[in-house]
Amino acid sequence: MVTDFVLGFGGRRYGIRASGPGPQHGNSGSSSVSRFCVMPLRGQDEATGSAVIRLEPQGSASLIPGTVDYAAAEDLLADAAFWSGLPPQDAARLAEVAVRIHDELAGGRPGAQALAGAWAVELVILVTRLGERCAAGKRPWKAPDGVWSIDDAVRYIELNYDEAFSLDWFVSRCAMNTSDFSRRFKERAGCPLFEFINRQRLERACALLKTSGLSIIEIAEAVGYNNLSFFNRYFLRIVGVSPREYRSSITR
């Protein structure tokens, strides 16, 4: 997966791709909007050619101990719903910081990692502030240690849409039998389990098609599909057009 830089945050990695406003190709006099997207990277994802900046949110290694809500930031970085609904002006603020980080890392000058690290902290602070505003003071959902409710299962999927799921895993977490879980999940979500998972993935894919320069195969991988043909067929079924047609319709 190609990305502008990788943010190592706690035990997870996130691909960050951003661009500031600039002239659009073939459209003299107009300006493109700033773009900012976050892609949770799975274990098999390789960030070949991408610079990496790491923050250690726990213990004495934290760059600014005690002043940043790192737990909230880590939840938001993985929250597809949060990024899908990010207003353009907020995307522009985050993109400006991310472009600075990328350019500093690419320059290779003395102190680049330290300066980029300080800006990465700025990025995390902005994310947490935006999250607080959007959530009206509510902390992001945390997976309970004990038995899950159906609401917990729904929220987990919304935050971890790119993972490989199984019905048995959710049945075990919710301490129900298969038929009860399936019935209650459909009542809560409005559709069966795997339909809901795919709809969450496609919602994020639409956001990436609108806000990023990633290729369609990169977007398919980022939202949890390792089969491009299946992604294209399911996208067409749910959205009504192919991913390529969808992107073309929003860039006209």
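The values are calculated or read from the model by the stated rules, or taken from the named source; none is laboratory data. It should be emphasised that the depicted structure is a prediction, and the values quoted were computed from it without experimental measurement. Note: ideal-geometry Cβ built from the backbone for every residue, glycine included; neighbour counts use all protein chains shown.
Of the candidates Arg204, Arg244, Arg188, Arg233, the single residue that is modelled with pLDDT under 90 and not in a loop (DSSP other than H, G, I, E, B) is Arg204.
One line per residue, one yes/no per condition, for (1) among the hydrophobic types (A, V, I, L, M, F, W, C); (2) over 18 Å from Phe36 (Cα atoms); (3) surrounded by 18 or more Cβ atoms within 10 Å (Cβ to Cβ); (4) in the same structural domain as Tyr225 (by TED's automatic domain parsing):
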{"residue": "Ala92", "(1), (2), (3), (4)": "yes, no, no, no"}
{"residue": "Ala95", "(1), (2), (3), (4)": "yes, no, yes, no"}
{"residue": "Ile101", "(1), (2), (3), (4)": "yes, no, yes, no"}
{"residue": "Leu105", "(1), (2), (3), (4)": "yes, no, yes, no"}
{"residue": "Val124", "(1), (2), (3), (4)": "yes, no, yes, no"}
{"residue": "Leu130", "(1), (2), (3), (4)": "yes, no, yes, no"}
{"residue": "Trp169", "(1), (2), (3), (4)": "yes, yes, no, yes"}
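Test Arg199 against the stated conditions and say whether it is at pLDDT below 95, more than 20 Å from Pro40 (Cα to Cα), among the charged types (D, E, K, R) and in a helix (DSSP H, G or I). It is false that Arg199 is at pLDDT below 95, more than 20 Å from Pro40 (Cα to Cα), among the charged types (D, E, K, R) and in a helix (DSSP H, G or I). In a helix (DSSP H, G or I), modelled with pLDDT of 90 or more and surrounded by 13 or more Cβ atoms within 10 Å (Cβ to Cβ), is that true of Arg173? Yes, satisfied. Here the condition is being part of a loop (DSSP other than H, G, I, E, B) and modelled with pLDDT of 65 or more; of Leu76, Leu86, it holds for Leu86 alone.
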